[in-house]
Amino acid sequence: MYSAAAAAASPPRRDFISVTLSPEEVVGASGYNNSKAWRRRSCWRKWKQLSRLQRSVILFLFAALAVCGVISYTSVGEPWKSLTNKSLDDQRTDPEIPGLKLANPVVLPAPQKADSKLGEYPELSPQKLPKPPHVRRGPSNLQIKPPWKDVRLKTQHDTSRIVKEPVQADKEEKMEKTVISWRGAVIEPDQSTEPPSSKIKEPEKPSSVEGEDQKEPVPINERQRAVIEAFRHAWKGYKDFAWGHDELKPLSKSYSEWFGLGLTLIDALDTMWILGLKEEFEEARKWVADNLVFDKNVDVNLFESTIRILGGLLSTYHLSGDSLFLEKAKDIGNRLMPAFKTPSKVPYSDVNIGRGTAHPPRWTSDSTVAEVTSIQLEFRELSRLTGDEKFQKAVDEVMKHVHTLSGKNDGLVPMFINTNSGQFTHLGVYTLGARADSYYEYLLKQWIQGGKKENELLEDYMRAIEGVKKHLLQRSQPKKLTFVGELAHGHFSAKMDHLVCFLPGTLALGAHNGLMADHMKLAEALIETCYQMYAQVETGLSPEIVHFNLHAQKGHKDVEIKPADRHNLLRPETVESLFYMYRFTGDKKYQDWGWEILQNFNKYTRVPTGGYTSINNVQNPSNPEPRDKMESFFLGETLKYMFLLFSDDIDLINLDKYVFNTEAHPLPIWAPA
Ligand code: DMJ
């Protein structure tokens with residue numbers, strides 16, 4: 001474990017070079033004569049006295065030094081340039097929370113040509129953050145080690161990786177260099193510009209088998225052990241009373257069905273893998289092999305089944321290398337495709353996976369914006385793995401369409417979109433909570449997944465964050481917490497869903513990937529707020545929705561809770577953001593906050609006979625009113641992010657290699673072609 005104090009106390013390591021001088025070389029031994037002519041003569045004499053071999057060695061050393069000098073100049077040059085640029089960028093931003101300085105409306109500069117005015121914008125470079133104190137052991141092509149040795153690598157792919165033809169490479173090089181710039185962040189898609197979809201030719205291998213490294217497993221710590229214990233307790237309830245069903249009802253010792261597809265089991269597969277729960281994983285795998293059948297006359301929600309089932313199967317395939325999960329992923333992916341058969345190609349919300357028919361909800365022909373724009377990571381990855389373009393084409397089309405739509409407010413999107421017209425509906429209401437949240441998350445994450453080449457995604461993301469700063473940020477009283485409110489037809493509401501707490505993590509991820517430094521500052525402020533949404537409540541657990549006080553009133557905290565909003569569904573967003581914040585800053589307070597939250601989950605939501613339950617009243621510690629339901633995301637997300645938060649091993653799902661979908665299923669970042 002890292003200790004900043006210990007590091008500061010330990011003396012710096014010193015290296016010594018010993019030089020032996022002959023007596024006449026010692027100053028004073030032969031008298032001091034420092035004339036230029038004497039020094040030149042003496043050097044030449046020395047040189048002549050050397051043997052031929054000695055002279056060759058010295059000349060060779062000089063040549064080697066010169067080569068090293070040239071190499072190190074070029075590699076030091078870039079970071080130096082970006083550091084200089086970063087400080088320029090910093091000068092342009094507000095020293096506090098830049099978003100609160102709303103006086104200057106931000107305008108997205110028109111795309112610049114690479115050769116014009118480039119000097120005006122700092123180059124995009126990974127933000128320099130204090131190095132976190134994590135253990136890094138050796139190279140890590142494989143970020144995560146299988147939790148046991150006899151791992152079954154059942155992959156049946158014998159296909160080779162795509163080999164880029166020289167002609168294509170040449171073509172790319174000659175392409176016009178378009179530069180996307182956003183107040184200082186400049187993206188030069190120099191080798192890019194071709195949409196990834198057109199490059200899909202052959203299936204890819206799972207990331208787990210691409211490069212086995214020799215990394216030793218990092219021992220788990222006490223807090224991680226506590227997460228494992230919590231997981232086992234939850235799993236016991238599921239196994240005893242809900243095995244193979246969607247969700248556990250831990251109090252009534254029964255289950256509820258949503259799609260009838262073993263939702264909790266599938267959502268939890270990769271968590272078990274990451275936590276190293278071999279037996280549990282094997283048992284669950286057997287259920288998938290023997291019982292998971294998608295040929296069922298059942299309506300499923302496209303978004304929910306994509307992020308939980310398709311996402312869960314894909315990530316488990318990557319981690320385990322077991323082709324069973326890819327086969328199942330292909331099956332469900334194909335069965336979800338009818339959703340895209342709409343006049344506008346904006347998908348319907350529901351699909352009957354047995355009949356191959358899709359439809360919107362009964363009362364409307366609208367879909368939710370977050371739902372149609374947060375299925376992309378999964379479908380794109382399915383195309384990459386299968387070599388079948390149709391999945392990616394369908395979801396990319398939705399993004400391209402949404403990119404061009406009117407009705408946005410400085411990058412902020414309405415909550416509904418019509419599947420016939422393809423237009424936004426219910427205009428004028430903007431939130432980062434329910435129905436819009438993961439639209440923003442997936443803009444950034446798709447850009448990262450695709451190797452940071454798809455400029456429209458980045459452009460939309462950057463514009464949206466500026467929109468958040470301009471329209472939705474406010475400060476509460478008395479603690480001056482920065483929060484993200486909502487805008488309804490020009491009226492600001494100080495309401496914030498717990499769902500919005502994904503945002504600090506996403507902002508931090510963007511900053512880690514080279515976006516503006518003020519995103520990180522905003523992330524720091526917002527995660528503090530999300531933590532306060534727990535800390536200021538009687539049970540230490542956040543309600544579903546809070547309202548912030550904009551005016552100081554005696555005896556009032558920052559956070560107000562309405563009776564209808566005081567439930568807690570065991571949601572992950574705050575823990576998720578704590579995980580990102582700890583990974584990128586190494587600040588242990590984030591782990592401590594997560595630890596508090598875990599203890600409060602144990603105190604108020606744990607059911608003695610197995611499982612955890614959502615509660616109705618976070619304000620009543622003596623009776624939090626259990627709701628009798630354990631959501632699948634408690635195992636899929638909340639406990640997984642807890643475990644990762646408490647880990648000091650940055651290779652345990654390395655964030656430069658994996659991107660998490662919105663249900664915490666890690667998918668590989670595509671390597672550059
Ligand atoms: C999850 O299904 C996903 O995180 C989704 O993006 C939002 N809702 C739940 C968790 O709260």
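Among the residues of region 624-635, count how many are closer than 16 Å to D565 by Cα, open to solvent by 20 Å² or more (accessible area, probe 1.4 Å) and away from the ligand (no atom under 16 Å from the Cβ). Selection size over region 624-635: 2. Criterion applied to N654, N661, N617 was being surrounded by fewer than 20 Cβ atoms within 10 Å (Cβ to Cβ) and either on the phi < 0 side of the Ramachandran plot or aromatic (F, W, Y) (or both), and the one residue passing it is N654. When residues in region 595-616 are screened for being without any contact (Cβ under 8 Å) to a residue 60 or more places away in the chain and away from the ligand (no atom under 16 Å from the Cβ), 3 of them pass.
Of the residues making up region 504-522, those that are aliphatic (A, V, I, L, M) and not in a helix (DSSP H, G or I) number 2.
Report, by residue number, each residue of region 276-322 that is among the hydrophobic types (A, V, I, L, M, F, W, C), open to solvent by 10 Å² or more (accessible area, probe 1.4 Å) and touching a residue at least 12 places away in the same chain (Cβ under 8 Å).
Of everything in region 276-322, those that are among the hydrophobic types (A, V, I, L, M, F, W, C), open to solvent by 10 Å² or more (accessible area, probe 1.4 Å) and touching a residue at least 12 places away in the same chain (Cβ under 8 Å) turn out to be W287, A289, V298, F303.
State yes or no: is F281 in contact with a His (Cβ under 9 Å, 6 or more places away or on another chain), more than 16 Å from the ligand (Cβ to nearest atom), part of a helix (DSSP H, G or I) and of a type outside the set (S, T, Y)? So F281 does not fit the description; no.
Taken over region 347-394, residues that are in contact with a Pro (Cβ under 9 Å, 6 or more places away or on another chain) and within 16 Å of the ligand (Cβ to nearest atom) amount to 6.
A residue that is modelled with pLDDT under 95 and open to solvent by 10 Å² or more (accessible area, probe 1.4 Å) can be found somewhere in region 555-578. Of the strands (runs of 3 or more DSSP E) lying entirely inside region 381-495, the ones with 1 or more residues being farther than 23 Å from P347 by Cα and either hydrophobic (A, V, I, L, M, F, W, C) or touching a strand residue (DSSP E or B) at 6+ places or on another chain (Cβ under 9 Å) (or both) are found at 473-475, 482-484, 486-488, 491-493.
Number of residues in region 222-245 that are buried (at least 21 other Cβ atoms within 10 Å of the Cβ) and farther than 30 Å from D592 by Cα: the value is 1.
Here K588 fulfils each of the conditions (1) farther than 22 Å from R475 by Cα; (2) open to solvent by 50 Å² or more (accessible area, probe 1.4 Å); (3) out of contact with any Pro (no Cβ under 9 Å at 6 or more places or on another chain) apart from (3).
Take I274 and tell me if it is more than 16 Å from the ligand (Cβ to nearest atom), at pLDDT 95 or above and not in a loop (DSSP other than H, G, I, E, B). So I274 passes the test. Do we have P338 as at pLDDT 95 or above and in a loop (DSSP other than H, G, I, E, B) here? When the stated conditions are applied, P338 does not pass them. Among the residues of region 523-534, is there at least one that is away from the ligand (no atom under 16 Å from the Cβ), part of a loop (DSSP other than H, G, I, E, B) and among the hydrophobic types (A, V, I, L, M, F, W, C)? There is no residue in region 523-534 that is away from the ligand (no atom under 16 Å from the Cβ), part of a loop (DSSP other than H, G, I, E, B) and among the hydrophobic types (A, V, I, L, M, F, W, C). With respect to (1) more than 16 Å from the ligand (Cβ to nearest atom); (2) in contact with a Lys or Arg (Cβ under 8 Å, 6 or more places away or on another chain), the lone exception for S493 is condition (2). What number of residues within region 452-511 are open to solvent by less than 20 Å² (accessible area, probe 1.4 Å) and polar (S, T, N, Q)? Number of matching residues: 3.
The values are calculated or read from the model by the stated rules, or taken from the named source; none is laboratory data. Here the structure is a predicted model, which means the values were calculated and not measured. Because the Cβ atoms are built from the backbone with ideal geometry, glycine has one as well, and the counts that use them run over all protein chains shown. Just the protein is used for accessible areas: all its heavy atoms, side chains included, with ligands, DNA and RNA removed. Shrake-Rupley method; radii C 1.70, N 1.55, O 1.52, S 1.80 Å.
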